[in-house]
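Undergrad: Below you will find the structure I want to go over with you.
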Amino acid sequence: MAAIPTQRETAGRARGHAALPGSPLAPGSARALVRAALAEAPVAPRLVDDAMAVVSELVTNAVVHAGTEISLDWCLEDGGTFLVEVGDQHPARPPRDATAGEPSYDTLEYGRGLRLVGALAESWGVTYRTGAKSVWARLPRGGSEPPAGGGALDALEVAEALAPQSQRTDSDRDWLGRGALSFLAEASDLLAGQLDENLVTALTGQLIVPRLADWCAVWLEDEASARGGSCDGPARVWHASENRIEELRRTLEKEPPQPGDGVGFGPSPYPWPGDALGPQGADGTALAYRLVAGGRPLGTLVIGRCGLARFPDEITGLVEDLGRRVALAIGAARQYARQATISAILQRGLLPGAVAEIPGMSSALVYEPCDKSGPSGDFYDLFPAGDGRWCFAIGDVQGKG
């Protein structure tokens, strides 16, 4: 189901509503709708950034926790405050607790949950209705103030501390100051638009290295390996120094992450591949994150940083949130691949195996479906009908079922 937006401006207020499907594409659609609405209103840039982050988090939570159709409502009030409400149709599954404190790792898919919403909003809450629930947040007129210390946004400062000194450019500091608030939102847009799981893993490395880690690797699992079978080497390996990638790959192939029995826990320690990282990489820390979507394990993400005894909790939470989005993108890419395979099999059964040869004529057939997103029932044929007659047939299946 596509987004169904409506919007109006009355007495200085901008309002909007949209119905979104409970899919990985919903957060990107929601951000695009709200961004377009705020572009026409006199609001502070910081409020726009905060609105994008809050809308993305609320819709992502609804997708992961409920999986039902989602309703999105927003309003720019007379005083300049911004109100957004995201509802779903699964009242028995509440959103993750957003209380302050250490991140919880009850379920790997959750990430930071609503902690970011609590940090940016002047007020927020959950409303339960018959057969549905919604989470709302009200953002102050000028946007949130940068934190003086502590809180969910400390991940920005910690990421700057982890970055190598040689890479601390002015642009990096600007990104860490405010731009990282939209990092997950933009990463979601980038990942959700990919239909190839190999490309998803390639983009993952580009998002993580070198800003959050010196190196990372992604292992992908099929159903057999997820049940405890053999797991091949990493699908992708990245290092801040390209000349270390191949040696690091060979070392990681000898230490595949162990899936374990559970999928609902946070990152776990991973053996440090010191020999593959040279003299400057003799010491460091590495963490393994299970990539889970829809309760199904799809692989493992491993990150490493030289010279650290442990990753700060803020960074582990940020990478966990990114890993959740990576898992959703991999799951969507695999579903698309399955649908494409089904489509090809069905079409092969409907299409002729060879072009008929008509005496005195040359003929050719071209088949180009308009919609390549799913199975198609369209067919054609050119065949003899006896007594020197030839027939051309074309058929189209309209709708589904």
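The values are calculated or read from the model by the stated rules, or taken from the named source; none is laboratory data. Since this is a predicted model, take the numbers as computed values, not measurements. Because the Cβ atoms are built from the backbone with ideal geometry, glycine has one as well, and the counts that use them run over all protein chains shown.
Undergrad: Considering ALA293, ALA356, which residue is small (Gly, Ala, Ser), farther than 30 Å from ASP275 by Cβ and surrounded by fewer than 20 Cβ atoms within 10 Å (Cβ to Cβ)?
TA: Details: ALA293 fails: surrounded by fewer than 20 Cβ atoms within 10 Å (Cβ to Cβ).
Of the residues listed, the single one that is small (Gly, Ala, Ser), farther than 30 Å from ASP275 by Cβ and surrounded by fewer than 20 Cβ atoms within 10 Å (Cβ to Cβ) is ALA356.
Undergrad: What number of residues in region 316-366 are β-branched (Val, Ile, Thr) and within 20 Å of LEU195 (Cα to Cα)?
TA: Filtering region 316-366 down to residues β-branched (Val, Ile, Thr) leaves 316, 319, 326, 330, 341-342, 345, 355, 358, 366.
Now restrict to residues that are within 20 Å of LEU195 (Cα to Cα): 326, 330, 341-342, 345.
Adding up the residues that qualify gives 5.
Undergrad: Between residues in region 288-303 that are among the basic types (Lys, Arg) and residues that are part of a strand (DSSP E or B) and surrounded by fewer than 23 Cβ atoms within 10 Å (Cβ to Cβ), which pairs lie under 7 Å by C-beta distance while being six or more apart or on different chains?
TA: Close Cβ pairs (under 7 Å, with a partner that is part of a strand (DSSP E or B) and surrounded by fewer than 23 Cβ atoms within 10 Å (Cβ to Cβ)) amount to ARG290/PRO297.
The rows are residues; the columns are (1) modelled with pLDDT of 85 or more; (2) among the β-branched types (Val, Ile, Thr); (3) crowded, with 17+ Cβ neighbours inside 10 Å.
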{"residue": "PHE82", "(1), (2), (3)": "yes, no, yes"}
{"residue": "PRO94", "(1), (2), (3)": "no, no, no"}
{"residue": "GLU109", "(1), (2), (3)": "no, no, yes"}
{"residue": "ARG112", "(1), (2), (3)": "no, no, yes"}
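Undergrad: Within the bounds of region 275-287, is there any residue that is without any contact (Cβ under 8 Å) to a residue 24 or more places away in the chain and in contact with a Pro (Cβ under 8 Å, 6 or more places away or on another chain)?
TA: Yes, region 275-287 has at least one match.
Undergrad: Further question: Which condition breaks for ALA288 when tested against (1) buried (at least 23 other Cβ atoms within 10 Å of the Cβ); (2) not in a helix (DSSP H, G or I)?
TA: All conditions pass for ALA288, except number (1).
Undergrad: Take LEU76 and tell me if it is over 21 Å from the mean Cα position of the chain (by Cα), under 18 Å from ARG138 (Cα atoms), crowded, with 22+ Cβ neighbours inside 10 Å and not small (Gly, Ala, Ser).
TA: On the way: over 21 Å from the mean Cα position of the chain (by Cα): yes; under 18 Å from ARG138 (Cα atoms): yes; crowded, with 22+ Cβ neighbours inside 10 Å: yes; not small (Gly, Ala, Ser): yes.
Here the answer is yes, as LEU76 does meet what is asked.
Undergrad: Something else about it: Restricting to region 37-55, name every residue that is among the hydrophobic types (A, V, I, L, M, F, W, C) and either within 14 Å of VAL84 (Cβ to Cβ) or not in a helix (DSSP H, G or I) (or both). Lay out the reasoning, then the answer.
TA: The first filter runs over region 37-55 and keeps only residues among the hydrophobic types (A, V, I, L, M, F, W, C), leaving 37-39, 41, 43-44, 47-48, 51-55.
Across region 37-55, the qualifying residues are ALA37, LEU38, ALA41, VAL43, ALA44, LEU47, VAL48, ALA51, MET52, ALA53, VAL54, VAL55.
Undergrad: Checking the conditions here, which among ALA53, ALA32, ALA11, ALA19 is over 17 Å from PHE183 (Cα atoms) and either touching a helix residue (DSSP H, G or I) at 6+ places or on another chain (Cβ under 9 Å) or at pLDDT below 80 (or both)? Let's see the steps before the verdict.
TA: Values: ALA53 fails: over 17 Å from PHE183 (Cα atoms); ALA32 fails: over 17 Å from PHE183 (Cα atoms); ALA19 fails: either touching a helix residue (DSSP H, G or I) at 6+ places or on another chain (Cβ under 9 Å) or at pLDDT below 80 (or both).
Sole residue among the options that is over 17 Å from PHE183 (Cα atoms) and either touching a helix residue (DSSP H, G or I) at 6+ places or on another chain (Cβ under 9 Å) or at pLDDT below 80 (or both): ALA11.
Undergrad: Can you name the residue in region 114-135 that is part of a loop (DSSP other than H, G, I, E, B) and either of a type in the set (Lys, Arg) or at pLDDT 85 or above (or both) and, of all such residues, is farthest from ALA327 (Cα to Cα)?
TA: Checked region 114-135; the qualifying residue farthest from ALA327 (Cα to Cα) is GLU122.
Undergrad: Can you spot a residue in region 335-352 that is in contact (Cβ under 8 Å) with a residue 12 or more places away in the chain and assigned to a loop (DSSP other than H, G, I, E, B)?
TA: For region 335-352, residues in contact (Cβ under 8 Å) with a residue 12 or more places away in the chain and assigned to a loop (DSSP other than H, G, I, E, B): present.
Undergrad: Please work out which one of (1) at pLDDT 90 or above; (2) in a helix (DSSP H, G or I) is the condition VAL218 fails and give its number.
TA: If we test VAL218 against (1) at pLDDT 90 or above; (2) in a helix (DSSP H, G or I), just (2) comes out false.
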